[in-house]
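The values are calculated or read from the model by the stated rules, or taken from the named source; none is laboratory data. No experiment lies behind these values; they were computed from the predicted model shown. No Cβ is skipped: glycine too gets one built from the backbone with ideal geometry, and neighbour counts run over all protein chains shown.
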Amino acid sequence: MKIVLFAFLAAALLLLGCTYPSAPAQQPEAGAQNPQGQTTPPQQNELTGTGTQPQPKEEQPVVELPQKKQYTCSLELSPSTIYAGGSTDISFAVSTKDDVAFTYNCGAEVREISTGGLTSGSRLCDFMTPGEVVVWIKADGEICAQKTLTVLPESQAPRNCSVNVTKKDLQSYYYEAQVNFDGFGNGTNLTWKCDYTTATKKLTGTGPFGMMKYEVIYCDFNGSPKTDSIPVFVGDVKCGEIPTR
């Protein structure tokens, strides 16, 4: 009987040892070493992989840039070398469908070019100061075309002039002539003598481009002239004479 009871107790103890709950395994702390000596990395966030919560992206404001105006500009100078006080012909052409203000420099002044699709034209412009001059066209204040004009000193210009009688009335004693000149700056004195009276005018000069400029002069006598001719000068250069007989 004792033997049977002892066997029953031994079997019960074995059964209890097999079913006793074991302590849960502890998770290693972040950065701690495991038994193999390896460092356990910190637990990462499943969404970002950085260990931090994802941050919402800031929305950038939409900026609408102004559209650049479309236009074309061109210009030509003829001639591209002049003497101080001389003129050059500025030929221009501009084109735009936008509201653009076109201007160009014509010697000492700035002129406007009217717009409306394609606009072209030309103008004689006087330049008084020697040197290299940039002749430009501007669109809304910005240069869109340019050429360099060489202005030589007036003293270097070859000067010549001549007198062409256009009218001589021996009955009324009226004499008229065209004075042609080249190489003289605008503002130079043109003088001629009607008997003992000296007449003077400043050169401005007109005439077809590329040809000599000219001025028209005359003498209107009350009676027969006392001298045989009317001498004509541009500056200190004698251009010729108008016969009175």
Inset, instruction - State whether one or more residues within the stretch 125-139 are free of Cβ contacts under 8 Å to residues at least 24 places away in the same chain and of a type in the set (Gly, Ala, Ser). - result: yes
Inset, instruction - Would you kindly identify the strands (runs of 3 or more DSSP E) lying entirely within the stretch 104-197 that contain at least 1 residues that are under 36 Å from the mean Cα position of the chain (by Cα)? - result: 109-113, 117-127, 131-139, 142-152, 174-182
Legend entry - Residues satisfying the stated conditions in the stretch 72-103, i.e. part of a strand (DSSP E or B), more than 15 Å from the chain's Cα centre (by Cα) and under 16 Å from residue 148 (Cα atoms): 76, 77, 78, 81, 82, 83, 86, 87, 88, 89, 90, 91
Inset, instruction - Give 200, 129 a once-over and let me know the one that is assigned by TED's automatic domain parsing to the domain that holds residue 93, surrounded by fewer than 12 Cβ atoms within 10 Å (Cβ to Cβ) and either polar (S, T, N, Q) or touching a helix residue (DSSP H, G or I) at 6+ places or on another chain (Cβ under 8 Å) (or both). - result: 129
Inset, instruction - Scan the stretch 148-163 and give yes if some residue there is at pLDDT 95 or above and exposed (fewer than 13 other Cβ atoms within 10 Å of the Cβ), otherwise no. - result: yes
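Condition check ((1) surrounded by 17 or more Cβ atoms within 10 Å (Cβ to Cβ); (2) among the polar types (S, T, N, Q); (3) in the same structural domain as residue 149 (by TED's automatic domain parsing); (4) free of Cβ contacts under 8 Å to residues at least 24 places away in the same chain) across all residues:
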site	(1), (2), (3), (4)
61	no, no, no, yes
83	yes, no, yes, no
89	no, no, yes, no
96	yes, yes, yes, no
101	no, no, yes, no
104	yes, no, yes, no
107	yes, no, yes, yes
121	no, no, yes, no
Legend entry - Complete set of residues in the stretch 173-197 that are in contact (Cβ under 8 Å) with a residue 40 or more places away in the chain and loosely packed, with under 14 Cβ neighbours inside 10 Å: 174, 187, 189
